[in-house]
Amino acid sequence: MPATVLVTGGAGFIGSHTTVALQQAGYRVVVLDNLCNSSASVLSRVERITGARPEFIEGDIRNAALLDELFAAQRIDAILHFAGLKAVGESTRKPLEYYDNNVHGSVNLLQAARRAAVQTFVFSSSATVYGDPQRLPLAEDHPRSATNPYGHSKLVVEDILENLYRAEAGWRIARLRYFNPVGAHPSGLIGEAPQGVPNNLMPYVSQVACGTRPRLQVFGNDYDTPDGTGVRDYIHVMDLAQGHVAALRHCEKQQQNLLSVNLGTGRGYSVLEMVRAFEKASGRPVPYDIVARRPGDIAACWADTALAEQELGWRATLGIDEMCADAWRWEIGRENLQEE
Ligand code: NAD
Ligand code: WQD
């Protein structure tokens, strides 16, 4: 019997790619998603890639009765917890929604997991927990802080997981701190599908390249970086997905553990470098204007990847050319994808 993994938020951007990687690594996947930022058609497209349809339960991680039913109906060996809200700007306008979904939702999920004696838990954290970097690259022991409700919700859940690990024997917990996930599955069948105006750089760049939006706004060119624009550690979502498989395998080998680990490439690229890479991959121009800095942005951040290599035996393998080529294939193909 293959191990069965519950993937919350498995219809979303990172969860769907991780579902593909998990299935290809031999796991059986059960997806729980309330579809507040995704569509059930993603599951059919995952099936087209892997040949196996993940079991799908439409529902909310805050629904305790639903979770009890789910855990009673089948044996779940581990939980990968992606479900949550992720827009930084929106979180400052709707803090209660963010704490309810991200913090209360996670606590509810952990309580149900405990009732069902499932103690292997992989959490989607974020490099945002490092706040404004005091030194680069960012290592896992860098002090943590938050400047917005979204980031704070990740900090709080990280702390809850640590408290739980210290209070009760047997938990195997990985807190994965993602840097900037971009790209798409190379098939072009799944990718990032932001609703409305994209908040993040690469989905915006894709939409400018394909003509959906006229111009990119580059938020500041007066940072202390080589070309003055912000520098980030962009990581291909397929590498990120493999990082989850590695983290799960690592947890499975432990009696109990609490691991906090960066998932990044260890290299930073500026906004303008990403724009040029996208122009090359797509063969389309990406016109832009330099505008004021975006409030709350930091100048630069990239990961120290040593711990991930040491503990998980995992490192990112795909570069910005693959990130842009795969994001572009997804962007131009997705309108023609048949909704099944
Ligand atoms: P996403 O919005 O594409 O996926 C999240 C999924 O969770 C969606 O399918 C949504 O419908 C679902 N969901 C939300 N609230 C739910 C709830 N209460 N119950 C059930 N399902 C719910 O986002 P993503 O980019 O795939 O991010 C996944 C996780 O990774 C999130 O926790 C996010 O905070 C974290 N993360 C994302 C990034 C990033 O830049 N994309 C970076 C760091 C961390
Ligand atoms: C990248 C760079 C912008 C848009 C965010 C969250 C973080 C994490 C990942 C979840 C910056 C610049 C952007 C645009 C621009 N998410 N930019 N024009 O801010 O590094 O991280 O997503 O955990 O918590 O804060 O990513 O893609 O928004 O920005 O010039 O239209 O692109 O200023 O330098 P960010 P991003």
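The values are calculated or read from the model by the stated rules, or taken from the named source; none is laboratory data. It should be emphasised that the depicted structure is a prediction, and the values quoted were computed from it without experimental measurement. Every residue, glycine as well, gets a Cβ built from its backbone with ideal geometry; the counts of neighbours run over all protein chains shown. Keep in mind that these areas ignore ligands, DNA and RNA; they rest on the heavy atoms of the full protein, side chains included. Shrake-Rupley method; radii C 1.70, N 1.55, O 1.52, S 1.80 Å.
One decimal place: the segment A65-R53 gains 1.8 nm when fully extended, by the rule 0.36 nm per residue minus the C-alpha distance.
Put a dot 7 Å past the Cα of T4, heading toward its Cβ, do the same for R215, and the two dots end up 5.5 nm apart.
Spin-label model, L258 to S44: label points 7 Å out along the Cα-to-beta-carbon direction sit 4.5 nm apart. Label point of E279 set 7 angstrom out along Cα-Cβ; within segment 202-224, amide nitrogens under 18 Å from it belong to 202-221. In percent, rounded to a whole number, the relative contact order of segment 272-328 is 56, using alpha-carbon pairs under 8 Å and six or more apart.
Backbone phi angles across segment 165-170, fed through the Karplus curve with coefficients 6.51, -1.76 and 1.60 (θ = phi - 60°), yield HN-Hα couplings of 4, 6, 7, 10, 6, x Hz in residue order; Gly and Pro are listed as x. Backbone phi angles across segment 171-187, fed through the Karplus curve with coefficients 6.51, -1.76 and 1.60 (θ = phi - 60°), yield HN-Hα couplings of 6, 10, 10, 10, 9, 9, 9, 7, 8, 10, x, 9, x, 7, 5, x, 5 Hz in residue order; Gly and Pro are listed as x. Straight-distance candidates among the aspartates and glutamates for linking to K280, with alpha-carbon spacing under 18 Å and chain neighbours fewer than 8 residues away dropped: D321, E322, D326, E331.
Taking every protein chain into account, the 1.4 Å probe leaves C301 with about 10 Å² of accessible area, to the nearest ten. Counting only alpha carbon atoms, the long axis of helix 64-73 and the longest principal axis of the chain meet at about 70°. Per-residue ellipticity at 222 nm computed for the chain from its helices equals -11000 deg cm²/dmol, with DSSP H segments shorter than 4 residues left out and the rest contributing -39,500 (n - 2.57).
Angle, helix 320-333 long axis vs. longest principal axis of the chain, Cα atoms, 0 to 90°, nearest 10? That helix lies at roughly 80 degrees to the long axis.
Once the Cα atoms are used to define both axes, helix 237-252 deviates from the longest principal axis of the chain by about 30 degrees. Taking all protein chains together and a 1.4 Å probe, the residues D77, D233 rank D77, D233 from largest to smallest accessible area. Sequence-ordered 3J(HN,Hα) estimates for segment 139-156 from the Karplus curve with 6.51, -1.76 and 1.60 and θ = phi - 60° stand at 9, 5, 8, 4, x, 9, 7, 9, 10, 8, x, 4, x, 5, 5, 5, 4, 4 Hz, glycine and proline given as x. In straight-distance terms, cross-link reach from K154 covers every one of the lysines whose alpha-carbon lies under 27 Å from its own, apart from those fewer than eight places away in the same chain; here that gives K86, K94, K253.
For Y178, the amide hydrogen comes within under 5 Å of the amide hydrogens of S125, S126, A127, L263, counting only partners 5 or more places away or on other chains and with H modelled in the peptide plane.
Every Cα-Cα pair of the chain was included, and the share exceeding 39 Å stands at 9 percent. With a cut-off of 16 Å on the backbone N, the residues of segment 188-211 near the modelled label site 7 Å out from E97 along Cα-Cβ are 194-199. In terms of its alpha-carbon gyration tensor, segment 243-340 comes out oblate; a/c meets the 1.5 threshold, while b/c is at least as large as a/b. Placing +1 on each Lys and Arg Cβ and -1 on each Asp and Glu Cβ, with no other charges, gives the chain a dipole about its Cα centre of roughly 120 debye.
Largest accessible area first, the listed residues R75, R329 line up as R75, R329 when surface is computed with a 1.4 Å probe on the assembled protein chains.
For G230, the residues whose amide H sits under 5 Å from its own are V271, ignoring neighbours fewer than 5 places away on the same chain, with H placed 1.01 Å from N.
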